[in-house]
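Enquirer: I'd like to ask some things about the structure below.
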Amino acid sequence: MMSHVSVNGVNIEYSESGSGFPLIWAHEFAGSAESWKQQVHYFSRRYRVITYNARGYPPSDVPEDVSAYSQDQAVEDLYQLMKGLNIEKAHVGGLSMGGSTTLVFGLRHPEMATSLIVAGAGTGATDPARFKEQANGYADILDRDGMRGLEDYVKGTTRVQLMRKDYTGWQEFADLFFAHSAQGSALTFRGVQAERQPILTFEKEMRALTVPTLIVVGDEDDPCLEPGIFMKRCIPSSGLVVVPQSGHAVNLEEPDLFNRTVSDFLTAVEAGKWAAREQGSGGGFLAS
């Protein structure tokens, strides 16, 4: 059963499972709160797990003006969700669009993040102009043809890995995607995806980030590989996990590996054992 918080008159629907320290998951463009089902089952044994639908994703409200959609607004929605639930600090994680929200949330509100899990984030960072054009093109298709106009989207080069490994899981993913609001998805493409600040432009802010950060990327998720390595190089307190033979939705493709990896990370953070990068002396290429 979902409840909601109101952010400037826009209702954001969320669900809670379990008890303990809060762990919040932000979903990707093609997903929703339901995309975290396998993580909810696993982590709610130990944490108060919170998932939510971004604005534009029913049962959350779907504002009709594109000005209501942006990466900054997505970060504000997450901030207000935590405030509305009286959560002062939490582990915060997200995939893709939700991963970008997680990263920027950590940069803007580091005092509220005990740790960050940034998975499959950074699509479009290496060619923002082309990505913006593509996002607006997808929005045009949605306006004209509805969600079914994006049949090819769920069979893209970073989605076929899930189809190959777990066709039933892929079908559930696709069915959830096609049930989205075409209007909300189009506005999200135009306002959030097409206009967001690329991850590669956050170098200065990331170098100052001290929140423990786990970066996760599939090795066949080409648009996110370079941004993932970039984040690892910039964030001193980060670790990078590359999941073999995996595409974009790593939490769906390899849920057991994803859950155990995140669990080990959270355990290290909570024990005070997650270290910042060691600063050695001298140049590189000394070991062979």
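Values in this text are rule-based calculations from the coordinates and carry no lab data. Keep in mind that this is a model prediction, so the values were computed, not measured. Using ideal geometry, Cβ is built from the backbone for each residue, glycine included, and neighbour counts are taken over all protein chains shown.
Enquirer: What's the Kirkwood radius of the range 1-71 in Å, using all Cα pairs?
Expert: Taking the inverse mean of 1/r over all distinct Cα pairs, the range 1-71 comes out at 12.7 Å.
Enquirer: Could you tell me which of rounded, prolate or oblate describes the range 134-262, using a ≥ b ≥ c as the square roots of the eigenvalues of the alpha-carbon gyration tensor, with rounded for a/c under 1.5 and, failing that, prolate when a/b is larger than b/c and oblate otherwise?
Expert: Working: a/c = 2.48, a/b = 1.33, b/c = 1.87.
Oblate, since a/c reaches 1.5 and b/c is not below a/b.
Enquirer: How much net charge surrounds Ser67 when only the other residues with a Cβ under 13 Å from the Cβ of Ser67 are counted, with Lys and Arg +1 and Asp and Glu -1?
Expert: Spelling it out: positives minus negatives among the neighbours equals -2.
Enquirer: Calculate, for Lys204 and Ser19, the FRET efficiency according to 1/(1 + (r/R0)^6) with r their C-beta to C-beta distance and R0 30 Å; round to the nearest 0.05.
Expert: Calculated transfer efficiency: 0.20.
Enquirer: Lys/Arg Cβ at +1, Asp/Glu Cβ at -1, dipole of the chain taken about the Cα centre: which of Ala208, Leu162, Gly106 is farthest positive-ward?
Expert: Ala208
Enquirer: Using a Förster distance of 30 Å, how high is the FRET efficiency between Asp256 and Ser67, based on the Cβ-Cβ distance and rounded to 0.05?
Expert: Working from the Cβ atoms, E equals 0.10.
Enquirer: Report the charge-dipole magnitude of the range 143-247 in Debye, nearest 20, computed about the Cα centre from +1 at each Lys and Arg Cβ and -1 at each Asp and Glu Cβ.
Expert: On the way: 12 positive and 15 negative charges, 56 e Å.
The dipole magnitude comes to about 260 debye.
Enquirer: What full-extension length gain, to one decimal in nm, is calculated for Tyr79 and Asp127 as 0.36 nm per residue of separation minus the Cα-Cα distance?
Expert: 14.4 nm
Enquirer: Over the chain, what is the percentage of antiparallel beta bridges among all DSSP beta bridges, to the nearest 5?
Expert: Beta bridges within the chain, antiparallel portion: roughly 25 percent.
Enquirer: If amide H atoms are built 1.01 Å from N in the plane of the peptide, which residues on other chains or at least 5 residues away come under 5 Å of the amide H of Ser238?
Expert: For Ser238, whose amide H was placed from the backbone, the distant partners under 5 Å are Thr213, Arg277.
Enquirer: If you don't mind, there's one more thing I want to ask. Using helices alone, I'd like the mean residue ellipticity at 222 nm for the chain: each DSSP H run of four-plus residues gives -39500 (n - 2.57), total over residue count, nearest 500.
Expert: Taking each H run of at least 4 residues, the total per residue is -12000 deg cm²/dmol.
Enquirer: Whole percent per 5 Å bin, from 0 to the bin with the longest distance: what is P(r) over all C-alpha pairs of the chain?
Expert: Per 5 Å bin, starting at zero, the Cα-Cα P(r) for the chain comes out as 1, 6, 12, 18, 20, 18, 13, 7, 3, 1, 1, 0 percent.
Enquirer: Same structure again: Can you put His41, His4 in order of Cβ neighbours within 10 angstrom, beginning with the fewest? Walk me through the numbers on the way to the answer.
Expert: Numbers: His41 14, His4 17.
With the fewest neighbours first, His41, His4 line up as His41, His4.
Enquirer: Calculate I(q)/I(0) for the range 60-125 by the Debye formula, one identical point scatterer on each C-alpha and no solvent, and give its log10 at q = 0.15, 0.19, 0.28 Å⁻¹ to two decimals.
Expert: Computed log10 I(q)/I(0) values: -0.48, -0.74, -1.25.
Enquirer: Report the charge-dipole magnitude of the chain in Debye, nearest 20, computed about the Cα centre from +1 at each Lys and Arg Cβ and -1 at each Asp and Glu Cβ.
Expert: With only Lys, Arg, Asp and Glu charged at Cβ, the dipole is about 760 debye.
Enquirer: Then there's this: Could you pull out the pairs from Lys89/Lys273; Lys89/Lys155; Lys89/Lys132; Lys132/Lys165 whose alpha carbons sit more than 28 Å apart here?
Expert: Over 28 Å apart, Cα to Cα: Lys89/Lys155; Lys89/Lys132; Lys132/Lys165.
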